[in-house]
Amino acid sequence: MSEISNVFARKVIDNREISMVDSFKQILPLSNHIDIGVGYFFLSGFEVIEDNITEYMNRGGSIRILMGNITTIKTGETIHEGYEQKAQTKELLFEELSKANQKDESLTLIKKIHQWISEQRLEVKIYTGDANYFHAKSYLFYRQDKNQTYDGVSIVGSSNFTKSGFIGNTELNSVSQDNFGPLSIWFQDIWNSEEVMDFSMELLDFIDSQVIKSDVELEKIIYMHPKETYSTFAKYFVRKLPEQISGEFMDNLYKHQKVGVSECKYRLDRYNTCVLADGVGLGKTRTAAATILASHSKPVLILASRKLHEQWRNELNAVGVREDRYLLKSKEEVARKELASLDEYLDTELIIVDEAHQGLKNSRTKLYRNLYFIKERSPQKVKGLLLTATPWNNSRSDVFNLGRLFLSVKNIHAETPYYPYLFHGRRKAEKAIQEDDKAFKTFWRDLFLQRTKRTYGGQDVIYSERNFPVIEVKYEPQKEKAFSANGERIDRLHLPYMNPLRYIRNEEQEEFTANRMKVLFLKRADSSWAAFKDTLEKVLYHNSKLLNDLNNIYQKSDNVAQFKEWLRAFYELDIKDQYGELFEGIDEEEINEMFKLEEISFQRKEKNRIRLDTKIQSISHNKAVQTMKAMIKHAEDDLTILKTIIDELDTAFRRKDEKYEKIRDSILSYLKKGEKVLLISQFRSTVINYYKRFVNDEKFKKYNLAQVTGSDDECYINHDLINSKDEVLERFSPQSKNRTDIVHSNREVQLVIGTETLSVGQNLQDCNVLMNIDLPYNPMNLEQRIGRIDRPREEVGTGIIDIITFPSMPVIESELKLTQRLRQKLHGIYEDTKFDNLVLPEYQDFLNQVLDKRAVGGKDMETMVDKTIQSTVLTIDAEEHSVAYIESQKRMKQELDKEYEINHEAEIRDCSFSKNSGHTAVVKITLKDVNSNIIDEYNKHIMIYNNDIKEELTEVEPLWYKAYDSSILNQKELSLDEAQNKLIEVKNEIVNSFLKKEINQYNQRIKIEDELDSQMVDKKVKKVIVDIKENTRGQNKNLIASKIKQAGFEPKSIKVLINHIQYIDRQIDVQDMELINELYENIGKLWDSYSYYYSQLVKEEQMELDHDFSGAVRMADEQQSEVQWIIGNIGINF
């Protein structure tokens, strides 16, 4: 195509070199008005010059078109344009306009033409004169206005106002300015004559009635807007979010604590319980105290260790909880009470349990039983708030027991994954929850709130940077050699005075307590020679006493009878009475945890007396003699080992104590720099020994030193006995304790040495240095220590805290060898978690790393602590705890608050449509068995995206909400037939895939439960159950029924007995398993002593916990089950 500039030069337009379109492009910018006289014009003529003519009209241009009326010549042009020959040219135009409304681009142009005609800037007339035809083809471009007939450009020739005339056909047209005047006058004469009639209004009416009207029909809203269907979806799934709590009592809380109060109250209101599992140092006590006021609870029962009572009172006072609103008790006090004496607590509205993992992770403890009793018997709905930094110890049953205690079952929806397990017996439920990931994660999400310093996301507090200096202790060769040998020596100890009945039963399981003691020996050796020697001498005393007792008994003529009496007397004592002095200085809770198995065996001492007496009485003469000989031999061997260890080390440590000297010098170096030091040991004997040496050392004379143990009688500042540890700690950390009067005074203390009593419930952040005389086997206890000085702070630039340890390579090597030997020895007897409870894997990994490198680094220590903390944090992607979930809930609430006008005339009433990928829906699932009986019904929100079905609210809601911006409301974008077909397609996809998925998940859960029923029953228990059933159905059934009635029971009690014993765990239910072993050997004992076995195996205090209402389970049938579409939004991907 030639350049447009050639139009005036060439003078000829034939659509070959220069087209009519080119001419319009050049001439229109020079024009203000156009007169067109043609035989006929089509919309296609406007289409090929649309951009140019639109620009022209937008700057105020005008057009007059004079067209012919009748044609009888069948031209190639009309055929090419797609029309048959018609009598009237206007009919050709009307037909073209009618077809054009089906094309968006043509409809847009028609609307422009409609506008121009309405504005009277486009006028159209039809020639109706006497001449046969109006066959002119003239285009007159006025440079000024239409009245200036002398100034313009004319194009005259053969081109009609059509696409073919402009760019298709070969035409002949001439361009001229010379003849513009006469042509202009000619056009205006005809335009103003009676030979023409106005066609503008008729054309306008036609467009209105036939073209625009059709467009209006297409644009009529016949589909629901996504906001309407979204609103219905929101009504089903909007949930009440934790409310923001306000009040003066919240002023003394950090931001994360305020959030915690809201979250705790929300769970207490919704589920009746909450487990606040925040990490060390986040202030759980103050959060719980504020929750009392937020929940308006009164009275409140708070259960906490006695050593923490003062801290609790301080925190309660800090937020304004009056003393008449709460009762502060120890867990031990409540646990010891019999059920009949718990009435004083029945009017309680809220029970708070501190350190809830101690005593409540196991549902078989007396504390668990008593709190459950209070909950069930109270006339009002008692709620439970449990606090623990360690809810998770690789055991889902721990988590389940904590959450289940105060949980209100009626508040749990039937479709909740863990709902069925709430009706199982406790043993079955504990095991079943471990196999069901979905149920366990939902349970954790609903009831637990766990944040750490790294994850809670608070912006209002700062924690100091941690530094882990390591100061290795190197002993003289004689000691190093002795320490290296001690691990093997201690492993050879028999400790016969610990649980003598293990010699009778010959069960390796009975060695666990003794092995715990051996581990403790080395930990004391790591602490100090004073602690180690103290333990050795006490064990030596118990061994010597046992040896003396047994030697005397063995010489007697009635030695077997006296031996049995000695055993009876031995088992009359409590655990701590037997060997508790060995643990002097260790908290009572720590002792109870150490003797977990024995605590279970002896916690019902009175009831067990008969059983023990029966067992002792059944010892044969030969067995008794053999046992005495073995115990005497073992006691003699132990005495030799113990004396060897003492003889080798006592003199050497009196001469020089390398560890003491390292610690002393390190303390002095910090004190000289103006730093305070907190020094902690697990063992009271170490603390007392070190403190005596400090206060008598001239190098410490210019400093104030203090000692704190678990007893107020042993709290000192320098040589003065102080009334309580609170006074000591106020003088040590006066700023954190709000005692500014002490700061920089001569009363201020610079060094405190204490036991683990300092590791909990204290804010001592005036101090930046923590020294650990020894390391606990559980690194979480080390984190507890660190938490005393690593508290939340508001000031930037809080510096660095030093956490210093004093390891010794020979001791580490002995510890590692001993723990490895014990692990191998116990392998197969206990599950791994039991040994891991004794020596945490993180600590053993630390020992391995240190030994491999033959050096201890601060990074090793930090890694051990971090890994331990992480192991206590249950990493679950809890959707409800996410920011995305909260945002979705907020949007749903906001949309429900709006009043949308519902389209009641919508053609499809259960679905909306939008221009995007993915479908969202609310469906009702009805699971039925093969007999069409309903098993379960529930609603679900789902999303179908790329052939994948997702169920998370945080996936479904945003996609549905996003559909607002791309809604399809009419047939212009989606025909009704297409919409209906797409809806059917999506519904079928849900039926064929999603329903099948739901059925498979449900049936899989049923299969798991069936498998658990068979797997969970111990082989011996299973054999006893089979024997019971066979006996009660056999030839002696009448005799057995008679014996049961004589014992005061009904025969139907057999079913209760079987329900109680079927899930006995040999690892946990040690006492019950002993009885099962007896019945396994001789089932006849059950019928002869029915009352005894029934009372021992069916604990009345656990009756409510053991009811199983699960009933017969039924598999869901795919043919009978159904899914019902409730509401949805379908995405149309154009």
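Readers should treat all values here as calculations from the given coordinates under stated rules, not as data from a laboratory. Note that the coordinates shown come from a computational prediction; the quantities given were computed from them, not determined experimentally. Reconstructed Cβ throughout: ideal geometry from the backbone, glycine too, with neighbour counts over all protein chains shown.
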| Given Lys255/Lys329; Lys298/Lys375; Lys163/Lys972, which pairs have Cα atoms separated by over 23 Å? | Lys255/Lys329; Lys163/Lys972
| request: Please sort 779-785, 381-387 by packing, taking for each peptide the average over its residues of neighbouring beta carbons within 10 angstrom, highest first. | output: 381-387, 779-785
| Cα-projected label distance for Ser1042 with Leu346, points at 7 Å along beta-carbon direction, nm | 4.3 nm
| message | List the residues, sorted by chain then number, that are 5 or more residues from Ile804 or on another chain and whose placed amide H is less than 5 Å from its amide H. | response | Leu770, Met771, Asn772
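Looking at the stretch 666-750, which trypsin sites (Lys or Arg not before Pro) are in a loop (DSSP not H, G, I, E or B) and have at most 15 other Cβ atoms within 10 Å?
Details: sites: Lys672, Lys673, Lys676, Arg684, Lys692, Arg693, Lys699, Lys701, Lys702, Lys725, Arg731, Lys737, Arg739, Arg747; in loops: Lys673, Lys676, Lys701, Lys702, Lys737, Arg739, Arg747.
Answer by residue number: Lys673, Lys701, Lys702, Arg747.
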| Which GluC sites (Glu not before Pro) from the stretch 127-199 combine a DSSP loop assignment with at most 14 other Cβ atoms within 10 Å? | Glu194
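Between Asp1027 and Ser932, what is the FRET efficiency for a Förster distance of 35 Å, r being their Cβ-Cβ separation, to the nearest 0.05? Could the numbers behind the result be given before it?
Values: r = 41 Å, r/R0 = 1.16.
The value I calculate is 0.30.
Checking a compactness column here: for the stretch 151-276, what do you get for Rg(Cα) / (2.2 N^0.38 Å), N being the number of residues?
Its radius of gyration relative to the 2.2 N^0.38 Å reference: 2.77.
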| task | For Leu976 and His296, compute 0.36 nm times the residue count separating them, minus their Cα-Cα distance, and round to one decimal in nm. | result | 239.1 nm
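Going by C-beta contacts inside 10 Å, put Tyr885, Tyr368 in order with the fewest on the left. It would help to have the intermediate numbers written out before the result.
Details: Tyr885 19, Tyr368 23.
Starting with the residue having the fewest Cβ neighbours, the order is Tyr885, Tyr368.
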| said: Give me a comma-separated list of calculated 3J(HN,Hα) values for the stretch 539-549, in order, Karplus coefficients 6.51, -1.76, 1.60 applied at θ = phi - 60°, integers in Hz, x for any Gly or Pro. | reply: 5, 4, 5, 5, 5, 5, 4, 4, 4, 5, 4
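At a threshold of 8 angstrom on Cα-Cα distance, excluding pairs fewer than six apart, so keeping six or more, what relative contact order does the stretch 921-1040 reach in percent?
Numbers: 57 pairs, mean separation 14.4, N = 120.
Normalised by residue count, the contact order of the stretch 921-1040 is 12 percent.
For Thr170, Thr291, Thr535, which order do you get if you count the other beta carbons within 10 Å of each Cβ and list the fewest first? Numbers along the way, then the final one.
Working: Thr170 8, Thr291 27, Thr535 24.
Ranked by crowding around the Cβ, least crowded first: Thr170, Thr535, Thr291.
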| All lysines inside 16 Å of Lys997 as judged from Cα atoms, apart from same-chain residues fewer than 8 positions distant | Lys438, Lys924, Lys928, Lys940, Lys950, Lys987, Lys1007
| Residue-wise, which Karplus ³J(HN,Hα) couplings in Hz belong to the stretch 747-758, taking 6.51 cos²θ - 1.76 cosθ + 1.60, θ = phi - 60°, and x for glycine or proline? | 8, 5, 9, 9, 9, 10, 10, x, 8, 5, 4, 7
| message | Over 23 Å between Cα atoms: which of Lys518/Lys1019; Lys284/Lys410; Lys545/Lys633; Lys701/Lys737; Lys518/Lys623 fall into that group? | response | Lys518/Lys1019; Lys284/Lys410; Lys701/Lys737; Lys518/Lys623
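Treat the count of other C-beta atoms within 10 Å as a stand-in for reagent exposure and order Thr686, Thr416 from fewest to most.
Working: Thr686 27, Thr416 16.
Final ranking by Cβ density, sparse to dense: Thr416, Thr686.
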| Dimensions of the stretch 252-449 along principal axes (Cα, Å, largest first)? | 44, 42, 28
| request: Enumerate the amide H contacts of Ile63 below 5 Å, restricted to partners 5 or more residues apart or on another chain; note that Pro and chain-start residues carry no placed amide H. | output: Ile34, Leu122, Glu123
| request: Would you kindly compute the Cα radius of gyration of the stretch 899-1134 and its largest Cα-Cα separation (Dmax), both in Å? | output: 28.7, 88
| request: Step through the residues of the stretch 468-475 one at a time and calculate ³J(HN,Hα) from phi using the Karplus curve (6.51 cos²θ - 1.76 cosθ + 1.60, θ = phi - 60°), rounding each to whole Hz and writing x for Gly and Pro. | output: 10, x, 10, 10, 6, 9, 10, 8
| query | Around Tyr326, which amide H atoms from residues at least 5 apart in sequence, or from another chain, sit under 5 Å from its own amide H, with H modelled in the peptide plane? | reply | Val300
